[in-house]
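Right, I'll just put the structure down here and ask away after.
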Amino acid sequence: MSARWGWQVSTLVLFVSLWLLQALANGQTHHEQARDFFNKQGNGNHTNNWAVLVCASRYWFNYRHMANALGMYRTVKRLGIPDSNIILMLADDAACNNRNKFPGNVYANPGQGLDLYGDNIEVDYRGYEVTVENFIRLLTGRVDPSVPRTKRLLTDDRSNIFVYMTGHGGNEFLKFQDNEEISAFDIADAFEQMWQKKRYNEIFFMIDTCQATTMYSKFYSPNILATGSSQLGENSYSYENDRDLGISVIDTYTHYVLEYLEQINKTSQLTMQDLFDIHDPGKMRSTPGVRSNLFSRPLNKALLTDFFGGVSQAEVMAEEDIKSHVMSSIAEKVPRPGAGEKKTKALTPSAVKMVALQEPLSKGDGIPSATARAWTGAGLVGLLVAWVTISATR
Amino acid sequence: MDVDLAFGGLVAARLLLAFAPLPEQFKFDHLLSSPLTSNLRLHEGVYLFKNGVDPYSGGIFYQSPLYLSVFSTLLPLNRVSSPVIWTLVDAVSAYALVQTWRARSGVGKSKRDALLAAFYLFNPYLFLPSLAFSTSSISNMLHLLSIMFAARGETSPALFCLAALVHVSLSSILLVLPVIMLILGQPKSGLADPKPISINFKKGRAIGLEFLGHFSVLTLTSTLVSGGFQWMRQTWFVELSLLDLTPNPGLWWYFFTEMFDHFRPFFLMAFSVHLLIYIAPVCIKFQYDPLYAAFILTGVLGTVKAYPTLSDPGLFLTMTSLFPEILPYLRYPVVTSLIHLHASLLLPLFNHLWLSQGTGNANFFYASTLVFGIGNGVALMDCVWAGLRIALGETKEGYDVIQQ
């Protein structure tokens, strides 16, 4: 009895060890291949891009904050992030405001050149929905089950998120809607929750308010790059007024950033360092800051399109490469020890069939085919009808 | 004119109508086909079946596997064969109606037969669903065939058609008892002479067992064709649980669109039982004229069925031609016909307003289905009254008939 069992156990051990050996000997697993592919240009491992653009202040005279957010919206959209990956939060409706001389339009420069609002816009949180609670719920993902998909931040651990906030701020706070404020600690904790729940790969945090850099001073989670428009004790100023609208239309810091980003497109190889090089306290009338100690990559290796754009990696393979790739992956998946040559020969025709992908669904795998069953069924019913007819005439 | 010639002429006219270049929209119309009878879904199911995908795994195909087997092998469905098949189905139904009349009245060929055939073939409630190639026409054919065979006393064919009918449309289980009573009894008019009848229970039991035998053979065939038992859930259970809430001219769908889940099982049970409670009283009351009982239960089906089309109340209205004796005793036939006219104009109008034009909403269409339901209910009640009233004979001078 024991001898028989011993024989079987030893055969099993032999099979398992042979399988393990060939798996190890095959070198890279699929995971490693994928990781190498995505790491090819040192672009930090992300596969998708999201943007959260928040304008936290309401009322007509804060038109420029809405123009800030809309300018960022148009930029990231132009550079490839789709509306489904952008969360745009506008605390007030400047375009349809009663005091707007150009209804339905929002301009970031005087002279009514480029409309930022008009066509093809998707505002996810509007008006009174822009609250501190909604913002933090959005970031952490702790939303009510009734919240629709378009209002959720559906990021994963391979998402790069661009978070842009603008409004009236102060020392470690940002005013929301004129009646509440969010503190730097709140945002820092929200980002830490996101890190713990693997909701981001890297975050780029940009904020344009007074005393902006204080808002990112409390972050403590890894892979966050932050920039702000002014230091503690400094104000951020608006850039220029529009004589027809009667108010300021854009803020200085955001204006220069947008102006710089206008020159790039999806294939741009410009880096974050190049963006931060435009910081000019004289021109901008405030001292912008950068916080990169939490960011793992060097700034001159992080592309602008890693955060502002929705650029994906693609590799074009020749058809012969596909076939050989598929066949080798099948050989990996079916590790049967034994007569190696016979097995690979048997595998080849099915591998080629997999690539063709135009055949109808498989028939004849034990269960009789549909037409056979249909004919049998029809035949049985016909038999019953015949029996009934004969027994009736009898 | 010879009856057979007239019959052939009518069928030819129907065939021409079926081949006429009519708008394709009939197939999509909610009044002419329901989710259980739609021709589009039949095509979809047959296509999936032929390509090896189980049509019952999704929520599209709710029809019997027997249709799958027949329409994927013997009778292909295409632009030429569909009109021919459906015209033939209607021709068989009209023939069955005529034969039932002949069995009931005891007369051979007469001029009235052509009128009956025309009444079936050119009733708009019946030929429009047939132009839409809805399988409710096939159900009507099985319905009339089972009644015809039962009236002629041919047990096995009647039971086979009945089993096929119940298999294809579960609510027609209402008809089982009257058809069995018809086989055991006689089709001649007994309305004027109500009396309790004696039933041969032994023979009745044998008939019931034969029906169950036919039904189980069909069920096993369906299981074989479908390759599993999933089809039962997707055909019979759909009528019981109202899985699909596509609008139809019936009374169930609107009620259950706004039904809270908590109450849904209770109301489904209530609506299903509502269909079943009519069997016993109608069959007991009209035991001396089982054909009339079958007629009344057809009317019940037409009014309260789960997924009706226009064919179901249409069949009831056409079957009134089998009972000309009740016509003098109908209390308000004009009201009934006007309500039906009203409903038949409103139903397509409100359906169009709601779903095509968008200026109406579901309440408009629901209101028109309510009017249609009132029309059917009023017709049914009037027929029951008239059937009972005949027994009292003509009113004498100075006397009046009241109901205590």
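Laboratory data are not the source of any read-out in this text; all were calculated from the coordinates shown. A quick note: this is a predicted structure, and the numbers were derived from the prediction, not measured. For neighbour counting, all protein chains shown are included, and Cβ atoms are generated from backbone atoms with ideal geometry for every residue, glycine included.
Starting from the Cα-Cα distance between B:ASN51 and B:SER81, subtract it from 0.36 nm times their residue separation and give me the gain in nm to one decimal.
Length difference between fully extended and current span is 8.7 nm.
What fraction of the DSSP beta bridges in the protein assembly as shown is antiparallel, stated in percent and rounded to the nearest 5? Don't skip to the end; give the middle numbers.
Numbers: 15 of 42 bridges.
Given both bridge residues lie in the protein assembly as shown, the antiparallel proportion sits at roughly 35 percent.
Among A:ARG285, B:ARG205, rank each residue by its count of other Cβ atoms within 10 Å, from fewest to most, as a rough exposure measure. Kindly include the intermediate steps, with their values, before the conclusion.
Numbers: A:ARG285 17, B:ARG205 10.
Result, fewest neighbours first: B:ARG205, A:ARG285.
List B:CYS383, A:CYS210 from most exposed to least, where exposure is judged by having the fewest other Cβ atoms within 10 Å. Could the numbers behind the result be given before it?
Numbers: B:CYS383 24, A:CYS210 21.
Lowest count first: A:CYS210, B:CYS383.
Which residue, chosen from B:ALA20, B:SER189, B:HIS143, occupies the Cα position most advanced towards the positive end of the dipole of segment B:3-392, where the dipole is computed from +1 (Lys, Arg) and -1 (Asp, Glu) charges on Cβ about the Cα centre?
The one lying farthest along the dipole's positive direction is B:SER189.
If you don't mind, there's one more thing I want to ask. Round to the nearest 10 and give me the degree value, 0 to 90, for the angle of helix B:81-105's Cα axis relative to the longest principal axis of chain B.
So the inclination is approximately 20 degrees.
Arrange B:HIS274, B:HIS43 by Cβ neighbour counts within 10 Å, fewest through most, would you?
Ascending number of Cβ neighbours within 10 Å: B:HIS274, B:HIS43.
Decide, for segment A:48-308, between rounded, prolate and oblate: order the square roots of the alpha carbon gyration tensor eigenvalues as a ≥ b ≥ c, take rounded if a/c falls under 1.5, and otherwise choose prolate if a/b is larger than b/c, else oblate.
rounded
When the dipole is taken about the Cα centre of the protein assembly as shown, and only Lys, Arg (+1) and Asp, Glu (-1) are charged at their Cβ, what size is it in debye, to the nearest 20?
Roughly 2980 debye for the protein assembly as shown.
Separate question: What whole-number distance in Å separates the alpha-carbon centres of segment B:1-27 and segment B:94-122?
18
Enumerate the amide H contacts of A:GLU240 below 5 Å, restricted to partners 5 or more residues apart or on another chain; note that Pro and chain-start residues carry no placed amide H.
Hits under the 5 Å cutoff: A:VAL249, A:ILE250.
Next question. Calculate, in nm to one decimal, what B:ASN361 and B:MET381 gain on full extension: separation in residues at 0.36 nm each, minus their alpha carbon distance.
4.1 nm
Please get the size of the charge dipole for chain B, origin at its Cα centre, with Cβ charges of +1 on Lys and Arg and -1 on Asp and Glu, quoted in debye to the nearest 20.
On the way: 23 positive and 22 negative charges, 137 e Å.
Using Cβ point charges on Lys, Arg, Asp and Glu, chain B gives about 660 debye.
Based on the alpha-carbon gyration tensor of chain B and its eigenvalue square roots a ≥ b ≥ c, which shape applies: rounded if a/c is under 1.5, prolate if not and a/b is larger than b/c, or oblate?
Cα axes put chain B in the rounded bin.
I want the local charge near A:ILE86. Using Cβ-Cβ distances under 15 Å, sum +1 for each Lys or Arg and -1 for each Asp or Glu among the other residues.
Result for the local shell: +4.
Just to be sure I understand: of the beta bridges DSSP finds with both ends in segment A:48-308, what percent are antiparallel, rounded to 5? Intermediate values should be presented prior to the final figure.
Values: 15 of 42 bridges.
Around 35 percent antiparallel, to the nearest 5.
Same structure, new question: How big is the dipole moment of segment B:177-234 about its Cα centre under a simple scheme where the beta carbon of each Lys and Arg is +1, that of each Asp and Glu is -1, and everything else is neutral? Debye, nearest 20, please.
That gives a dipole near 140 debye.
Could you work out how far the C-alpha centroid of segment A:299-314 sits from that of segment B:186-251, in angstrom?
Answer, in whole Å: 67.
I'd like the orientation of helix B:39-50 relative to chain B: the angle between its Cα long axis and the longest Cα principal axis, in ° from 0 to 90, rounded to 10.
Between helix and principal axis, roughly 50 degrees.
If each DSSP helix of 4+ residues adds -39,500 (n - 2.57) and the sum is divided by the residues in chain B, what number results at 222 nm, nearest 500 deg cm²/dmol? Walk me through the numbers on the way to the answer.
Working: 18 runs with 252 residues, N = 404.
-20000 deg cm²/dmol, from helical runs alone.
Considering only the other residues whose Cβ falls under 15 Å of the Cβ of B:LEU243, what net charge follows from Lys and Arg at +1 and Asp and Glu at -1?
Values: positive: B:ARG41, B:ARG233, B:ARG264; negative: B:GLU239, B:ASP244, B:ASP261.
Counting the neighbours of B:LEU243, the net charge comes to 0.
Can you give the angle from 0 to 90° between the axis of helix B:201-226 and the longest principal axis of chain B, with both taken from C-alpha atoms, to the nearest 10?
With both axes taken from Cα atoms, the answer is about 10 degrees.
Something else about it: What is the gain in length, in nm to one decimal, between A:THR47 and A:TYR260 on full extension, counting 0.36 nm per residue of separation less the C-alpha to C-alpha distance?
That works out to 74.2 nm of additional length.
Counting only other residues whose beta carbon sits under 15 Å from that of A:ARG126, what net charge do I get with K and R as +1, D and E as -1?
-4
How high is the relative contact order of chain B, given as a whole-number percent (alpha carbon pairs under 8 Å, six or more residues apart)?
19
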